[in-house]
Every structure is written in structure tokens, then in C-alpha cells.
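Input: a single structure, listed below in C-alpha cells.
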Amino acid sequence: MMTLCVYEMQNETKINSAEINKNYFSSVESLKMREKYSLILEKTIYERASFPTNKGGFEKSFLEFLDGDAKVLKFIKIDEYKHLEARVFYFRDDGLMGWYSPDFMVETNSKVYLIETKSDKDLKDANVKQKQKSTLNFVKSINRVDAHMREFKSWDYLLLGETQFYTLKKSGADIEDVANSAKVNEVSLSGNLFDI
């Protein structure tokens, strides 16, 4: 019960003004990864970007997609153990507080996207839903900060399923098409237009 109170207090706190302390992903100078399970890419700050060794085809394909999309300025595959500033705390289905890091952060001319990629079977998982709620609150908090402090870019949170991605990719989609299809908002999260 106490955990829920802390979680709700964090999400309901009103901020009149914010002081922004920027932490850059580049402060982590290198990441350890297996060469066999990594790609050399142009639009990320590291020489290589890793993908999972077990069933990592989806993330590998998504990395290649991002690197080849002209609308993507830069992106990063977030390392949950090294990029601690990307952690989002959430209230787990078992009643405890947990944390997770979205898989990717992608920047375009006008947007920053936090993107979570999931296999189709995991899209309806109760903890995935909890993570969505918390990450949506996190993104909404960022968007309330003065525009100049976030470089005049609005943030969105995307939950991208595997079949959804491959269907979009096959049709010639770009990152904006992916965002339009996979954006998480209150309506998509509740599944009810009138339950906001």
C-alpha cells in the first residue's frame, strides 16, 4: 500500500518551474557487446549497436530501419544497466515498484520518441500495460517543461509490436508512419474512447 502511495504522489506532484540537469548518453563512453550480435551504424553515438542474442531479429531489423530512415536524425539503443537516466519507475502487477528502460530513443526534426519494441505475445501483458502508464506519465511530464528546455521538440511514447513493424516496413513506412501507428496515449492504453 505504501508503494502505491509513493507512486501516486510522484505522478500527481505539480511542478511550477523546472531546473533541467542534462545527462548525456555519451557520458557512457563505451558499451560491451558481442561483435556477432551488433551492427555498425551511422546515426548512433556508439560505433556499434547491440541486439539480443536470443530471438533478436526484430530489434536488429528495427536498428537497420532507423539507421536507413532519412527522417531519423539520431537514435540510441538504450542499455538498461548503463544508461540509468533513461529508467522509468512503475508500479508492477505484483504490487511492488519496479523500473525499466525503453528500448530506443529516436530524434527527428520535431520529435523525440521513446520506443518499446515487443513480440506480439507480450503486447497485452499486465506489466507491459503498467510500464505504458508510467512511461506515458513520464513523457507528459517532459512535454510540460518549457519548449526551449527540451529543444522545442515534443516527446511521444511508442509501443511497437513485431507484426505491426514488419507490416509498416513492408509498406515503405518511415518513423513518422511508425509513430502514427504505435503512439501510446490514454485512449490507446484504456482501449475506450470515453475512459480518459
Please list, or write none, the aspartates and glutamates whose alpha carbon is within less than 14 Å of the alpha carbon of Lys22, excluding same-chain residues fewer than 8 places away. Glu85, Glu151
When the helices in the chain are scored as -39500 (n - 2.57) per DSSP H run of 4 or longer and the sum is shared across all residues, what 222 nm value do you end up with, to the nearest 500 deg cm²/dmol? -10000 deg cm²/dmol
For region 98-192, what size does the Cα cloud have along each of its three principal axes, sorted from largest down, in whole Å? 39, 35, 26
May I ask you to give the solvent-accessible area per residue for region 91-148, in square angstrom, as obtained with a 1.4 angstrom probe? 48 Å²
Modelled FRET efficiency - R0 25 Å, Ser119 with Lys82, Cβ distances, 0.05 increments: 0.55
Taking H as built 1.01 Å from N, whose amide H comes closer than 5 Å to the amide H of Val184, not counting residues under 5 places away? Tyr157, Leu158, Leu159
At 1.567 mPa s and 4 °C, Stokes diffusion of the chain via Kirkwood alpha-carbon radius, µm² per second: 73 µm²/s
Say the cut-off is 23 Å between C-alpha atoms; which of Lys43/Lys129; Lys32/Lys121; Lys140/Lys183; Lys129/Lys169; Lys77/Lys169 go over it? Lys43/Lys129; Lys32/Lys121; Lys129/Lys169
Over region 132-173 - Rg/Rh using Cα atoms and the Kirkwood inverse-distance radius: 1.16
Exposed loop sites here are GluC sites (Glu not before Pro) in DSSP loop states with at most 12 other C-beta atoms within 10 Å. What is the longest stretch of the chain lacking them? 48-150
Solvent-accessible area, 1.4 Å probe, carbon plus sulfur percent, for the chain: 50 percent
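The values are calculated or read from the model by the stated rules, or taken from the named source; none is laboratory data. Values in this document were obtained by computation on a predicted structure and should not be read as measured data. Cβ coordinates were reconstructed from backbone atoms using ideal geometry, including for glycine residues, and neighbour counts include every protein chain displayed. Only protein heavy atoms, including side chains, enter the accessible area calculation; ligands, DNA and RNA are left aside. Shrake-Rupley method; radii C 1.70, N 1.55, O 1.52, S 1.80 Å.
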